[in-house]
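Everything on this sheet refers to the single structure shown next.
The values are calculated or read from the model by the stated rules, or taken from the named source; none is laboratory data. Everything quoted here is computed from the prediction, not taken from an experiment. Positions of Cβ are generated from backbone atoms using ideal geometry, with glycine treated the same way; all protein chains shown enter the neighbour counts.
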Amino acid sequence: MYKLRQSICDIGNRLWQMGMLPAGDGNISVRLEDNKYFITASGVSKGFLEPKQVLLIDSNGIVLDGEGTPSTEIVMHLVAYRLRGDINAVVHAHPPYATAFACTDEDLPNNLVAEGIIKVGSIPTAPFAIPSSKDTAEAAAPYFNTANAVLLKNHGAVALGRNLDEAFMRMELVEHIAKVAILSNIIDNLQKIPDEKMKELIRMAKNY
Ligand SMILES: [Zn+2]
């Protein structure tokens, strides 16, 4: 258990170093057995997170062990677990390039980067909701059924994974795709993956 808490701290530190978690932003959770979860404490920098600030909670959000109060986005995490029996980790961050897309009417293109199609799939944008309220969960919930990553309008991104590493890598890829999309637009010669090849990649994603 201590090792997993430390892994959550390590992922928090990596995301913070990557500039995806300014101030005390973002939150990370992992599903355990018996309807219990680990979730990061609210208001602490994820760059300096300590294992005791990774809280053990039950499915009602009651803290069973650890120091601090659970992340304010706890409802969004619990809703994601309820809707998706196949996922065991949720990473919410504020990656700047992906958030830039979430501040426009442009969808993040999913036909630019092959790895993104295989490892993440479509990345829809959920409508704006006041952060740190149950409204965020309500806005994002309809997208969790079919997407492994969702942009939150004028806010940030959420990535779901079968394990912590996968959720982290999906968040990393979301930001990579957004960065590539923005840079491609600057070069002004954007070449999208042809439809035929897209079908092949989507087939590959099903077996990934
Ligand atoms: Zn947020």
**In the range 127-138, the residues that are surrounded by fewer than 23 Cβ atoms within 10 Å (Cβ to Cβ) and on the phi < 0 side of the Ramachandran plot** = 127, 128, 129, 130, 131, 133, 134, 135, 137, 138
**Item:** Output for the range 38-55, where each listed residue is outside any loop (DSSP other than H, G, I, E, B) and either modelled with pLDDT under 95 or over 20 Å from the mean Cα position of the chain (by Cα) (or both)
**Value:** 51, 52
**Complete:** Exactly one of 62, 130, 123 is modelled with pLDDT of 95 or more, β-branched (Val, Ile, Thr) and more than 23 Å from residue 179 (Cβ to Cβ), and that one is 62
**Complete:** Of (1) farther than 20 Å from residue 175 by Cα; (2) assigned to a helix (DSSP H, G or I), residue 16 fails just (1)
**Fill in**
Checked pairs for the range 54-70, first more than 17 Å from residue 4 (Cα to Cα), second among the aromatic types (Phe, Trp, Tyr), C-beta under 8 Å and 6 or more apart or across chains, list as 59/37
**Item:** Checklist (1) away from the ligand (no atom under 13 Å from the Cβ); (2) under 22 Å from residue 152 (Cα atoms); (3) surrounded by fewer than 17 Cβ atoms within 10 Å (Cβ to Cβ) applied to residue 62, failing item
**Value:** (2)
**Request:** Please go through the range 102-124 and pick out each residue that is within 16 Å of the ligand (Cβ to nearest atom) and either free of Cβ contacts under 8 Å to residues at least 12 places away in the same chain or over 15 Å from the mean Cα position of the chain (by Cα) (or both).
**Result:** 103
**Request:** Please indicate, with yes or no, whether at least one residue in the range 71-91 is at pLDDT below 95, outside any helix (DSSP H, G or I) and either of a type in the set (Val, Ile, Thr) or touching a Leu at 6+ places or on another chain (Cβ under 9 Å) (or both).
**Result:** yes
**Prompt:** Cβ-Cβ below 7 Å, separation at least six or inter-chain, first residue in the range 141-165 and in contact (Cβ under 8 Å) with a residue 24 or more places away in the chain and within 16 Å of the ligand (Cβ to nearest atom), second among the aromatic types (Phe, Trp, Tyr) and outside any loop (DSSP other than H, G, I, E, B): which pairs?
**Reply:** 150/143; 150/144; 151/101; 160/144
**Prompt:** Looking at 102, 181, which is the one that is small (Gly, Ala, Ser), more than 21 Å from residue 8 (Cβ to Cβ) and touching a Lys or Arg at 6+ places or on another chain (Cβ under 8 Å)?
**Reply:** 102
**Message:** Restricting to the range 12-34, name every residue that is surrounded by 14 or more Cβ atoms within 10 Å (Cβ to Cβ), within 16 Å of the ligand (Cβ to nearest atom) and of a type in the set (A, V, I, L, M).
**Reply:** 15, 18, 20, 21, 28
